[in-house]
Amino acid sequence: MKLITYRYSGKEAVGILEGETVRPLPVNSMVELIESGGIPAPTGETLLLADVELLAPIPRPRQDVICLGINYKAHADEAAGYDAAFIKEKPIPIYFSKRVCEAVAPGGMIQSHPGLVERLDYEAELAVIIGKTAKNVSAAQAADYIFGYTILNDVSARVLQTSHKQWYFGKSLDGFTPIGPCIVTADEIAFPPALPIRARVNGELRQDSTTDLLITGIADIIAELSSGMTLLPGTIIATGTPSGVGMGFDPPRFLKSGDVLECEIGGIGVLRNTVD
Ligand code: MG
């Protein structure tokens, strides 16, 4: 099942996406739906997708997004080539967080922050949405705690990211987190997900990998984090990006105003955004 958040008649709503139609659900938000533990029957008139304004599936996450850094081998190599700060000596997961006041909608604008951001970059990522409170979950049980999957573009300001020791500021600027276009429920994707993941800039293929190449897999991520942190329903975990980001090229190829980003994951869709 594909679930979306959208605006229609001035109101934010949640629905099931079926082809080009939307079936409204009687809930106030995606997080409320996730917390309810089930998906109610649709109500009201079926809408045309073309008639609604698509929003990020979780427009305002309740907590920061939990991110994995350097979690594909080929990306680890390209990042180390760009800046020694990225050298990964041991395969220990790098966790960091990304603040998201308001996620960028599918079709929305990535903010380029002229005067503040010099090296704007993209990172197509598979994002896991936690479905129920997870504490001390074993790797073997982890899949049972996943509500679904979506696409997240972990937009990054490379200078800010590497000059402040911690990545938080350079990852968390307004307009840096496009999410969508939908959440695909976990029952529709075999675990662990082995899906093609790609990013294109102005139509040019930059990233092309599969989501089964994570260095630290989703089950181990959930097991490790939940061994000490409670993961609440609606928590978003961005699992890392494959190689082919702008800083990985020689010379690097950073984003500029007007660039069109497309992050695609097979079975989920395409998340398209433009740099302002
Ligand atoms: Mg990332």
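Things to note:
- Residue that is within 17 Å of K98 (Cβ to Cβ) and of a type in the set (A, V, I, L, M), where the choices are A223, A238, A219: A238
- Residue check for F169: within 16 Å of the ligand (Cβ to nearest atom), open to solvent by 10 Å² or more (accessible area, probe 1.4 Å), in contact with a helix residue (DSSP H, G or I) (Cβ under 7 Å, 6 or more places away or on another chain) and not aliphatic (A, V, I, L, M): yes
- Per-region count, region 46-87, residues within 16 Å of the ligand (Cβ to nearest atom) and either surrounded by 14 or more Cβ atoms within 10 Å (Cβ to Cβ) or among the acidic types (D, E) (or both): 21
- Enumerated strands (runs of 3 or more DSSP E) restricted to region 1-79, each holding at least 1 residues that are over 26 Å from C101 (Cβ atoms) and of a type outside the set (A, V, I, L, M, F, W, C): 11-18, 21-24
- Condition check for L205: open to solvent by 10 Å² or more (accessible area, probe 1.4 Å) and in contact (Cβ under 8 Å) with a residue 60 or more places away in the chain: no
- Just one of (1) away from the ligand (no atom under 13 Å from the Cβ); (2) under 25 Å from A74 (Cα atoms); (3) not polar (S, T, N, Q); (4) not in a loop (DSSP other than H, G, I, E, B) fails for A199. It is (1).
- Selection of region 96-123 for residues being within 16 Å of the ligand (Cβ to nearest atom) and either hydroxyl-bearing (S, T, Y) or farther than 27 Å from H164 by Cα (or both) yields S97, Y122.
- Of all residues in region 124-161 being assigned to a loop (DSSP other than H, G, I, E, B) and open to solvent by less than 10 Å² (accessible area, probe 1.4 Å), the one that is farthest from the ligand (Cβ to nearest atom): V137
The values are calculated or read from the model by the stated rules, or taken from the named source; none is laboratory data. Quick caveat, the model's predicted, so the values are computed rather than measured. Here Cβ is always computed from backbone atoms with ideal geometry, including for glycine, and neighbour counts include all displayed protein chains. When the accessible area is computed, the model is the full protein with side chains, heavy atoms only, and any ligands, DNA or RNA have been set aside. Shrake-Rupley method; radii C 1.70, N 1.55, O 1.52, S 1.80 Å.
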